[in-house]
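Structure first, then comments.
The values are calculated or read from the model by the stated rules, or taken from the named source; none is laboratory data. Quick caveat, the model's predicted, so the values are computed rather than measured. We place every Cβ from the backbone using ideal geometry, glycine too, and count neighbours over all the protein chains shown. With ligands, DNA and RNA removed, areas are computed over all heavy atoms of the protein, side chains included. Shrake-Rupley method; radii C 1.70, N 1.55, O 1.52, S 1.80 Å.
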Protein chains: 2
Amino acid sequence: MTSPEADAHPSEQPKLSKKAAKKEEAKLEKLRRRLEASSAVSASAAPDEEDPLAVHYGEVPLSDLQSKEEVGEPYTEVGALAEEMKGNSVLVRGRAQAIRAVGKKMAFVVVRERGFTVQCIVTEQEGSVSRQMVKFVASLNRESIIDVHGPLTVPSSPIKGASQQVEIQVHKLYCVGKALPTLPINLEDAARSEADIDKALQAGEQLVRVNQDTRLNFRVLDIRTPANQGIFRIQSQVGNIFRQFLLSEGFIEIHTPKLIAGSSEGGSAVFKLDYKGRPACLAQSPQLHKQMSICGDFGRVFEVGPVFRAEDSYTHRHLCEFTGLDVEMEIKKHYFEVMDIVDRLFVTMFDSLNASCKKELEAVGRQYPFEPLKYLRKTLRLTFQEGVQMLKDAGIEIDPLGDLNTEVERKLGQLVLEKYGTEFYILHRYPLAVRPFYTMPCYDDPAYSNSFDVFIRGEEIISGAQRVHVPEFLTKRAEACGIDVKTIETYIDSFRYGAPPHGGFGVGLERVIMLFCGLNNIRKTSLFPRDPLRISP
Amino acid sequence: MTSPEADAHPSEQPKLSKKAAKKEEAKLEKLRRRLEASSAVSASAAPDEEDPLAVHYGEVPLSDLQSKEEVGEPYTEVGALAEEMKGNSVLVRGRAQAIRAVGKKMAFVVVRERGFTVQCIVTEQEGSVSRQMVKFVASLNRESIIDVHGPLTVPSSPIKGASQQVEIQVHKLYCVGKALPTLPINLEDAARSEADIDKALQAGEQLVRVNQDTRLNFRVLDIRTPANQGIFRIQSQVGNIFRQFLLSEGFIEIHTPKLIAGSSEGGSAVFKLDYKGRPACLAQSPQLHKQMSICGDFGRVFEVGPVFRAEDSYTHRHLCEFTGLDVEMEIKKHYFEVMDIVDRLFVTMFDSLNASCKKELEAVGRQYPFEPLKYLRKTLRLTFQEGVQMLKDAGIEIDPLGDLNTEVERKLGQLVLEKYGTEFYILHRYPLAVRPFYTMPCYDDPAYSNSFDVFIRGEEIISGAQRVHVPEFLTKRAEACGIDVKTIETYIDSFRYGAPPHGGFGVGLERVIMLFCGLNNIRKTSLFPRDPLRISP
């Protein structure tokens, strides 16, 4: 496991001072007050009482939203609306993404549901749609949740502003979840690509660019963009493929405690807390407990769960809390057995994402363009020494028994891509000195270890190794690494009751999606990210 | 969500005082020292150097276990050994579960791997098995990991002491992971049922009963019993069914932060910590963030992750850390839509467990006998008022607007079983006063709420409800419940950007397995349990 400090590049991400953070908070508070005020004003926009067609539109009163009716007319998903349903009367629920009035007799609403959009037309019509209804629709606040009833029509020319090539001729329209008239982020702005901003600028138009802190402050709005909807649907799929692959290979899923006595690996900074009067901390990884599960005869285990790092890392690729995908397994002969699992698991994952997440990947690419990941059917394996030699041949001298920093990792990634045509590869036989105490040294050279890192697009996403399963040797290694053996006694004791040779690896879920999609910041792939300066929302 | 304090029964579980806990720790330390001493002694048991057949057995030196050879003879799993393989030479790896010498020329070893066992026979034979090898095998420490080579034979009479009906005629045997000669728990003792202990007692024999604290102190040994192997394989399966069902229903998996500013629900005690100089706490549930994900347009979400409760609950069913299975979804009309998911999810789960975990359920039942869960194809739904009436008819008067305590819940479970023939049912329309502030009141009676609890064998495992999605009303409800609205501002703000009606539920993973298998303590279904007195191993 690479120490997060080793590759922290403060220059990559401007460090927000505490003062700046406080200022940001004050700004938020001011906005909040403004929002609350505007909310009070907009509440008065009720439908006209004199309109005899008033039952066809309006804000649904709270009591009607409190599970009053068990069933009603069935809803159709916006994404399911198709030309062959022409003439059918449908009911959809979604957000009023865009609203445009054309005079006083007509209004257009684009309704969005789960990334799909449909154009809805409200036209004054005797006996069904009143002028007041058109006015009500025209005055809807964007992002409000609305129910739209009406027959489907198919226009003669293609619809550009919506994903579905049908229109709803609105007969009834109700608001079931009202949004504020002014939102802190405009969805259109949040969904815009850098390319579009540049293009507009060349045409003399200055479009709004929503900066990352604003996005994260109003994450609930930000995650509604097509790119973000795609990112988190891909993330769900990554977790699913990870589990299904491992279950099919005889692994079982475990859940290990996050509250532990002492520090979990004796490594980097931990979050400390008081546990019923005793000192405790949050697990920096399930490392020790997943190994104990192997000693407990589960053979092959995996875990998906949060890991906590109290590091002051202000980089594009570090978080204080992220989702760890962890694997541990008995090995018969060689740590290559673990690398074989990594190889097949990730090739399966990439294949599966490319096949089943086409729409989501396209949505991400529209805002953040990227090239599909280049990977081989059989993953390339290089030894650390081979990597050092490749760098040397390219004129980069590094300590052959030291670790690689982020910059050197990137450079090596480039060289590997040029020589082998892959952006996904395994580097193994790392120097022992740069790996954790529980890493098994190589049988033929104790300066190296039975360990590996895995890279996507030049960045590390996986660390793995064979572990020391002999308690006496484990104690010696811990002492050699300056760890107080007293603090990890129950862990070491686990190996005294008979332990099989074993190994495993850990993956950062957020990094997998970030690098597969060529994104530039891990905060884009964490739903509610936590870094040294951010603990909300 | 039932407050854990409300049904804490201190009498159900003797509360260990801090003094007693310290005493327990001192005992452990003493045992540890003894174990270490015995380890030093046993290390001298090396194979006889004068034996010309010495290469056929012995302890494998460390260097041979450091990934020296990439591949070797393939291993066969103990569970795969079958009569049709008769005559084949096999190689298996497993634990020396039982060792018995018959004179100096013969020894038996029962080898266990993932719950399956095979009998191995070592007989002195010229040119292959020496008397020293028999001695080596006879002196193996139980629970050591060994490699056994030899041809399979099929005995004429059934084998009682092993699961596989074949024997290995051992030609070679190596130890790859040595256990201490004296283990803190004898696996045979740990795997014994109460019935067997009683039966032996009637026959005048006093067998060892391993108490729960000892089991948990040496959990790595304890989880090797067939019952525990079954429990955690069932647990893995429960998680898998939960996810697969929800994914097939259009849900996506999310990961919400466990580190949060302020208390997560304003409810029961939280674990507090320092987050880079700011006060923070551990999430008591993903409640707020899963609702925010619904406001963020994911439509239907679920999460599997740890939840933290700093309660002083010393009961058979409370832990300070457990695995939450959480669901949140948009609803169109009624909270019954959420109950429909609960209904189909759990009927699917029970069906699937009964079909795919037969062996595991049998293993659990052999040590902890239980009747298969009785459940209906369509889950029974009773209103809270109907439940109160059933209790009244049975002579039990309770506050019609209060909560049910554990004892009353059990009683109601009995009544329901008698009347409806099910041990799995939903109780809904709970009094508003006993539910969290974000629960939607009933449209027709604000004293009740659109909420439900679900019971297995008379114990609550699920809490769910429709949530308040209107920010002004949510603020009012929070204030009415005495919550400082300032502390949950970002949560309430999420609903100001347009929120759909929604609802959801939370399940405790450990409780599902405990109650499905009729176990008497939640510590049996948590891999490394955490309670007010336990934070290790």
Any idea how many Lys pairs in the stretch B:139-298 come in under 29 angstrom at the alpha carbon, given 8 or more places apart or on separate chains?
8
Tell me what the protein assembly as shown gives for mean residue ellipticity at 222 nm when only DSSP H runs of n ≥ 4 count, each as -39,500 (n - 2.57), the sum divided by the residue total, rounded to 500 deg cm²/dmol.
-9500 deg cm²/dmol
So if each residue of separation counts as 0.36 nm, and I subtract the Cα-Cα distance between B:F473 and B:K392, what length gain in nm does that give?
25.7 nm
Given that compact globular proteins tend to follow 2.2 N^0.38 Å, what is the ratio of the alpha-carbon Rg of the protein assembly as shown to that value?
1.01
Can you check what the Kirkwood hydrodynamic radius comes to for the stretch A:403-473, Cα pairs only, in Å to one decimal?
12.9 Å
Here the FRET efficiency for B:L91 versus A:Q414, based on Cβ atoms and R0 = 51 Å and rounded to 0.05, is 0.70
Diffusion coefficient, µm² s⁻¹, Stokes-Einstein with Kirkwood Rh over alpha-carbon pairs of the stretch A:103-235 at 4 °C and 1.567 mPa s:
77 µm²/s
If packing is taken as the average number of other Cβ atoms within 10 Å across a peptide's residues, how do B:433-440, B:272-279 rank, most packed first?
B:433-440, B:272-279
Estimate the FRET efficiency between B:R366 and A:A480 by the formula 1/(1 + (r/R0)^6), using the beta-carbon distance for r and 51 Å for R0, to the nearest 0.05.
0.65
Please compute the alpha carbon radius of gyration of the stretch B:54-177, then divide it by the globular-protein estimate 2.2 N^0.38 Å. Two decimals is fine.
0.99
Could you check the simple spin-label distance between B:T487 and B:D444, using points 7 Å along Cα→Cβ, in nm with one decimal?
3.7 nm
Most packed first (mean Cβ within 10 Å per residue), the peptides B:188-198, B:516-526 order as B:516-526, B:188-198
Counting only other chains, and only Cβ atoms inside 10 Å, what mean value do you get across the residues of A:316-322?
2
How big, in percent, is the set of alpha carbon pairs in the stretch A:437-537 lying more than 18 Å apart?
62 percent
Leaving out ligands and nucleic acids, note down the accessible area per residue over the stretch A:225-525 with a 1.4 angstrom probe, in whole Å².
30 Å²
One decimal, nm, nearest first: from B:E70 to the same residue in each other copy, label points 7 Å out along Cα→Cβ, the values are 6.6
With the radius of gyration and the Kirkwood radius both derived from the Cα set of chain A, what is their ratio Rg to Rh?
1.05
For the stretch B:109-171 (alpha-carbon point model, no solvent) the Debye-based log₁₀ I(q)/I(0) at q = 0.12, 0.21, 0.23, 0.28 Å⁻¹ works out to -0.30, -0.90, -1.05, -1.31
Plugging the Kirkwood radius over Cα pairs into Stokes-Einstein for the stretch B:336-461, at a temperature of 20 °C and a viscosity of 1.002 mPa s, what D comes out in µm²/s?
136 µm²/s
Within 10 Å of each Cβ of B:91-102, how many other protein chain Cβ atoms are there on average?
1
Could you tell me the largest-minus-smallest coordinate of the C-alpha atoms of the stretch A:271-402 on each of the three principal axes, in descending order and whole angstroms?
53, 40, 35
Can you sort B:R410, B:R381 by 1.4 Å-probe accessible area, starting with the largest?
B:R410, B:R381
Suppose you put the label 7 Å out from Cα in the Cβ direction; list, shortest first and in nm with one decimal, how far A:K272 is from each other copy's label.
1.6
Could you order B:H171, A:H289 so the one with the most accessible surface comes first? Probe is 1.4 Å.
B:H171, A:H289
Test item: A:108-115 mean partner chain Cβ contacts at 10 Å
2
Let me cross-check A:K419: its accessible surface, 1.4 Å probe, with only protein heavy atoms counted, in Å² to the nearest 10?
130 Å²
Put A:K160, B:K105 in order of accessible area, largest first, 1.4 Å probe: what do you get?
A:K160, B:K105
May I ask you to list, by number, the DSSP H helices of chain A whose Cα span along the axis is at least 30 Å and whose average Kyte-Doolittle hydropathy reaches 0.0 or more?
A:226-248
Assuming R0 = 30 Å, what is the FRET efficiency of B:E77 and B:S157, from their Cβ-Cβ distance, to the nearest 0.05?
0.75
Quotient of Cα Rg and 2.2 N^0.38 Å for the stretch B:186-268, N being how many residues it contains:
1.75
Taking every eigenvalue of the Cα gyration tensor of the stretch B:233-525, multiplying by 5 and rooting it, what semi-axes result, largest first, whole Å?
30, 23, 19
Gained length - A:V208 relative to A:Q165, 0.36 nm times residue gap less alpha-carbon distance
12.6 nm
Shortest first and in nm, the label-point separations between B:P181 and its counterparts in the other identical copies (7 Å out along Cα→Cβ) come to 8.7
Restricting things to alpha carbons, find the Rg to Rh ratio for the stretch B:267-340 using the Kirkwood radius for Rh.
1.06
In debye to the nearest 20, the charge dipole size for chain B, taken about the Cα centre with +1 at each Lys and Arg Cβ and -1 at each Asp and Glu Cβ, equals 840 debye
Scan chain A for the residue whose Cβ is closest to the axis carrying it onto chain B, then write down that distance in whole angstrom.
A:L273, 2
Excluding B:R344 itself, calculate the net charge of residues whose Cβ lies under 10 Å from the Cβ of B:R344, where each Lys or Arg counts +1 and each Asp or Glu counts -1.
-2
